[in-house]
Amino acid sequence: MTGVLRTAVPLAALTVLLSWLVLPADWSAVPTADPQTYASPVTAGHWTAAAVAVAVLAVAGGYASGAGAALLGVALPAVALYCYRSATAEVIGANLWPVGALFLTPPVVAGVAGAAVLGRAVRRRRERA
């Protein structure tokens, strides 16, 4: 388990750093030109950049130490940061971040695990060559 943690801790730090760089700090609803309409400050571009960053980190974690390290170092912090930022955002109506977390967690875990397996496969292929 020590090898997994040696890889997972730096991956977690990088996940947090990239999250702060790629996504807006405040996810609170912002007014638009229409006074009755509010919008999210998190755009599709933000989500795309975050997904790419998570995938790259997951492949690197899988390459270095396997899927366990990627799940601990990438998926867990990514979901935790989503929960934190969603829970602290000011929204109109009920803040349903737990529902969002329930829908976000399975694809993030599956995607990180798949990317980590890909990273591990690349490492094994290189070691054989």
request  = Check region 94-111 and report whether any residue there is assigned to a helix (DSSP H, G or I), touching a Leu at 6+ places or on another chain (Cβ under 6 Å) and either among the hydrophobic types (A, V, I, L, M, F, W, C) or crowded, with 17+ Cβ neighbours inside 10 Å (or both).
outcome  = no
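Examine region 73-89 for a residue that is open to solvent by 60 Å² or more (accessible area, probe 1.4 Å), assigned to a helix (DSSP H, G or I), touching a Lys or Arg at 6+ places or on another chain (Cβ under 8 Å) and in contact (Cβ under 8 Å) with a residue 40 or more places away in the chain, and state whether such a residue exists. Can you show your working first?
Going residue by residue through region 73-89, those that are open to solvent by 60 Å² or more (accessible area, probe 1.4 Å) are 76, 84, 88.
From the residues that got through so far, the ones that are assigned to a helix (DSSP H, G or I) too are 76, 84, 88.
In the following step, the residues that additionally are touching a Lys or Arg at 6+ places or on another chain (Cβ under 8 Å) were identified as none.
Taking every residue of region 73-89 in turn, none turns out to be open to solvent by 60 Å² or more (accessible area, probe 1.4 Å), assigned to a helix (DSSP H, G or I), touching a Lys or Arg at 6+ places or on another chain (Cβ under 8 Å) and in contact (Cβ under 8 Å) with a residue 40 or more places away in the chain.
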request  = Could you identify the single residue in Leu21, Leu11, Leu17, Leu5 that is in contact (Cβ under 8 Å) with a residue 24 or more places away in the chain and within 15 Å of the chain's Cα centre (by Cα)?
outcome  = Leu11
ask   = Exactly one of (1) at pLDDT below 95; (2) farther than 17 Å from Ala13 by Cα; (3) polar (S, T, N, Q) is unmet by Ser65. Its number?
value = (2)
ask   = Which residue pairs have Cβ atoms under 6 Å apart, sit 6 or more places apart or on different chains, and have a first residue in region 104-119 that is polar (S, T, N, Q) and a second that is open to solvent by less than 50 Å² (accessible area, probe 1.4 Å)?
value = Thr105/Val79
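Taking the options Val9, Val16, Val30, name whichever one is open to solvent by 40 Å² or more (accessible area, probe 1.4 Å), more than 19 Å from Arg123 (Cβ to Cβ) and in contact with a strand residue (DSSP E or B) (Cβ under 8 Å, 6 or more places away or on another chain). Even if it seems obvious, please write down each step before you answer.
Values: Val9 fails: in contact with a strand residue (DSSP E or B) (Cβ under 8 Å, 6 or more places away or on another chain); Val16 fails: in contact with a strand residue (DSSP E or B) (Cβ under 8 Å, 6 or more places away or on another chain).
Selected residue: Val30, the only one of Val9, Val16, Val30 that is open to solvent by 40 Å² or more (accessible area, probe 1.4 Å), more than 19 Å from Arg123 (Cβ to Cβ) and in contact with a strand residue (DSSP E or B) (Cβ under 8 Å, 6 or more places away or on another chain).
Which ones in region 34-57 are of a type in the set (A, V, I, L, M, F, W, C) and either more than 15 Å from Thr105 (Cα to Cα) or touching a strand residue (DSSP E or B) at 6+ places or on another chain (Cβ under 8 Å) (or both)? Working first, answer last.
Here is the first cut: in region 34-57, the ones of a type in the set (A, V, I, L, M, F, W, C) are 39, 42, 44, 47, 49-57.
Listed by number, the residues that qualify are Ala39, Val42, Ala44, Ala49, Val52, Ala53, Val56, Leu57.
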request  = Would you point out the residue of region 33-72, among those that are in a loop (DSSP other than H, G, I, E, B) and touching a residue at least 12 places away in the same chain (Cβ under 8 Å), that is surrounded by the most Cβ atoms within 10 Å (Cβ to Cβ)?
outcome  = Ser65
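The values are calculated or read from the model by the stated rules, or taken from the named source; none is laboratory data. Please read these numbers as outputs of a predicted model, since none were measured by experiment. No Cβ is skipped: glycine too gets one built from the backbone with ideal geometry, and neighbour counts run over all protein chains shown. What goes into the accessible areas is simple: the full protein's heavy atoms, side chains included, and nothing from ligands, DNA or RNA. Shrake-Rupley method; radii C 1.70, N 1.55, O 1.52, S 1.80 Å.
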